[in-house]
1. If you take the residues in the range A:21-72 that are crowded, with 19+ Cβ neighbours inside 10 Å and assigned to a loop (DSSP other than H, G, I, E, B), which one is farthest from the chain's Cα centre (by Cα)?
2. Look through B:Asn56, B:Asn71 and report the one residue that is open to solvent by 20 Å² or more (accessible area, probe 1.4 Å) and either hydrophobic (A, V, I, L, M, F, W, C) or part of a loop (DSSP other than H, G, I, E, B) (or both).
3. Tell me which of these A:Leu101 doesn't satisfy, since it passes every other one: (1) closer than 28 Å to B:Glu48 by Cβ; (2) surrounded by 14 or more Cβ atoms within 10 Å (Cβ to Cβ); (3) away from every other protein chain (no Cβ under 14 Å); (4) in contact with a Ser or Thr (Cβ under 7 Å, 6 or more places away or on another chain).
4. With respect to the numbered conditions (1) modelled with pLDDT of 95 or more; (2) more than 11 Å from every other protein chain (Cβ to nearest Cβ); (3) open to solvent by 10 Å² or more (accessible area, probe 1.4 Å), which one is the sole condition not fulfilled by A:Val81?
5. Scan the range A:15-57 for residues that are without any contact (Cβ under 8 Å) to a residue 60 or more places away in the chain, β-branched (Val, Ile, Thr) and within 11 Å of chain B (Cβ to nearest Cβ) and jot them down.
6. Just to check your reading of the model, which residue among B:Leu111, B:Leu81 is modelled with pLDDT of 95 or more, surrounded by 19 or more Cβ atoms within 10 Å (Cβ to Cβ) and outside any strand (DSSP E or B)?
7. Looking only at the range A:35-66, which residues are modelled with pLDDT under 95 and aromatic (Phe, Trp, Tyr)?
Amino acid sequence: AQSVTQLDSQVPVFEEAPVELRCNYSSSVSVYLFWYVQYPNQGLQLLLKYLSGSTLVKGINGFEAEFNKSQTSFHLRKPSVHISDTAEYFCAVSGAGYSTLTFGKGTMLLVSP
Amino acid sequence: KAGVTQTPRYLIKTRGQQVTLSCSPISGHRSVSWYQQTPGQGLQFLFEYFSETQRNKGNFPGRFSGRQFSNSRSEMNVSTLELGDSALYLCASSLEQGGGDGYTFGSGTRLTVV
């Protein structure tokens, strides 16, 4: 079985400040890890993914995440946020060879001027 | 390249009725998964289809069913609707079973049961 914990339900931040959204996972097998973003009344858009290789993964819109196997974490970071980054962010895990994504509860990123 | 298309976008149904939702995956994608999203439970996996066969099923009652056609398009059906079925239903497609390349999601169908 696998699970994902997103430690913060809401993260308020000012525009141009850095941000980190935290994600921890548990799984008994090797994993694939994902971050998705959801804007209001939209589906989910893939920001980035870790399948193997380099533990630092770069995604779209200036986001990056680091896979830390010893801490079972996959935190999402952006050095300078924009108002347009206001959205809900979901961390997800898939066990290698499995076919389902298990999602965290989501973190609402609120960027204010 | 067209994305994942879900129809209809919005739906209002009465308790006890049934409903069918449709999903057209990205051209060439053979795997289609369905998720239910609610404020209380978050995103929950319903089922995955690959090459017209259900490969995995989540923990939902038998009222929830689905199928996939030879062109990879998929439908899900919910019978005897309950108020608790009100949710955003999301469809996601990927090239291969397992979605290791990352799923692409549609915009969803918002179902309201009254």
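The values are calculated or read from the model by the stated rules, or taken from the named source; none is laboratory data. Note that the structure is a prediction, hence the values are computed from the model and not measured. Note that we place each Cβ from the backbone using ideal geometry, even for glycine, and neighbour counts take in every protein chain shown. The area values use the complete protein model at the heavy-atom level, side chains included, leaving out ligands, DNA and RNA. Shrake-Rupley method; radii C 1.70, N 1.55, O 1.52, S 1.80 Å.
1. Of the residues in the range A:21-72, the ones crowded, with 19+ Cβ neighbours inside 10 Å are A:21, A:23, A:25, A:27, A:31-38, A:43-44, A:47-50, A:57, A:63, A:65, A:67.
Then keep just the ones that are assigned to a loop (DSSP other than H, G, I, E, B); that gives A:43, A:63.
Details: A:Gly43: 15, A:Phe63: 9 Å.
Only one residue fits best here, namely A:Gly43.
2. Working: B:Asn56 fails: either hydrophobic (A, V, I, L, M, F, W, C) or part of a loop (DSSP other than H, G, I, E, B) (or both).
Matching residue, one of B:Asn56, B:Asn71: B:Asn71.
3. If we test A:Leu101 against (1) closer than 28 Å to B:Glu48 by Cβ; (2) surrounded by 14 or more Cβ atoms within 10 Å (Cβ to Cβ); (3) away from every other protein chain (no Cβ under 14 Å); (4) in contact with a Ser or Thr (Cβ under 7 Å, 6 or more places away or on another chain), just (3) comes out false.
4. Status for A:Val81: all satisfied but (3).
5. Of everything in the range A:15-57, just one residue is without any contact (Cβ under 8 Å) to a residue 60 or more places away in the chain, β-branched (Val, Ile, Thr) and within 11 Å of chain B (Cβ to nearest Cβ), namely A:Val37.
6. Working: B:Leu111 fails: outside any strand (DSSP E or B).
The unique qualifying residue is B:Leu81.
7. Answer for the range A:35-66, where residues must be modelled with pLDDT under 95 and aromatic (Phe, Trp, Tyr): A:Tyr39, A:Tyr50.
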